[in-house]
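Please read the structure below before turning to the comments.
Just so it is clear, none of the values below were taken in a lab; they were calculated from the coordinates. Just so it is clear, the model here is predicted, and its values are computed rather than measured.
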Amino acid sequence: MSIRLAVEKLGVSYRDGRETEVLKDVSFDLRAGERLAIIGESGSGKSTLALAIAGLLPAGSRVDGNIRWPELGRQPANGRDIGFVFQDPSSSLNPVLTIGEQIAEVARAHLGMSWREAYAYAEMLLGRVRLHDPSSALKAFPHQLSGGQRQRVAIAEAIAARPGLLIADEATSALDTIVQAEIVRLIEELVAEDGMSLMFISHDIALASQIADRIAVFRHGRLIEIGEVVQIVEAPREAYTKSLLAVHMGLDTPSLLAPEAVA
């Protein structure tokens, strides 16, 4: 399986009066079609990693190390090769444009479609993310939709340019439990259908274990452990990973693995 993304000794510092190191010496690969969960507590560097990979770090950030795209053989085109789903869909949706205008513009910019083609494509995408009545949703503004509906629209916009990598940064944490499960299933299906790699960022190790092939554990800006889901859940090496698992075991079901993972 080819390597889609290679992160090599990545370090990121923010400058705001003084320099604060947020990521330190991070290295890992992401294979084509692979689903990698990035977990850790708030402030562990998860979101900074996502922003660095997507080229969305704030101005003045210092970046050391390398982010390579072996499969592409070039740097990714902004908005074309990487789809990004934020925790708050307001971060990616324009409140003064209709849903149809926003998704169609992505298709026009990156796929060279006419407006007519782009609107038809946008309606198809809204059907894929299971929005009720996609034709009406095209004409709606973001504030006219529920939080779960807006997140579905954000996902449709993120995959509109047919990216090779989808990054979901805490994309379900603001949703209720039922909607969260629906969005996770939707992301899984879209990734499988389109052959995308997935980087799923979460503080929830139980959720991560259900969606990922591998789990990477971050703490204080460092990648402290990475491995297949079964290894991380059944035989973690690091005390911090064990503590995350212990919290889950105290609050939830005894097993984190899907039935097929332990068969």
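What the table shows:
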read-out: Acute angle (nearest 10 degrees) that the helix 147-159 long axis makes with the longest principal axis of the chain, alpha-carbon atoms; value: 90
read-out: Shape call, the range 40-133: gyration tensor on alpha carbons, a/c limit 1.5; value: prolate
read-out: Candidate aspartates and glutamates - alpha carbon under 17 Å from LYS242, same-chain residues fewer than 8 apart omitted; value: GLU41, ASP204, GLU225, GLU228, GLU234, ASP252
read-out: Folded to 0 to 90 degrees: helix 115-128 orientation relative to the chain principal axis, Cα; value: 50
read-out: Equivalent ellipsoid, the chain (semi-axes from 5 times Cα gyration tensor eigenvalues, Å); value: 30, 23, 17
read-out: Stokes-Einstein translational diffusion, the range 87-162 - Kirkwood Rh over all Cα pairs, 0.692 mPa s, 37 °C, in µm²/s; value: 277
read-out: The chain: most fluctuating residue of ILE167, ILE232, ILE178 per GNM, C-alpha cutoff 10 Å; value: ILE178
read-out: Helix-only [θ]222 nm of the chain, DSSP H runs n ≥ 4, -39500 (n - 2.57) each, per residue, nearest 500; value: -11500 deg cm²/dmol
read-out: Helix 177-194 vs. the chain, principal-axis angle (Cα, 0 to 90°, nearest 10); value: 80
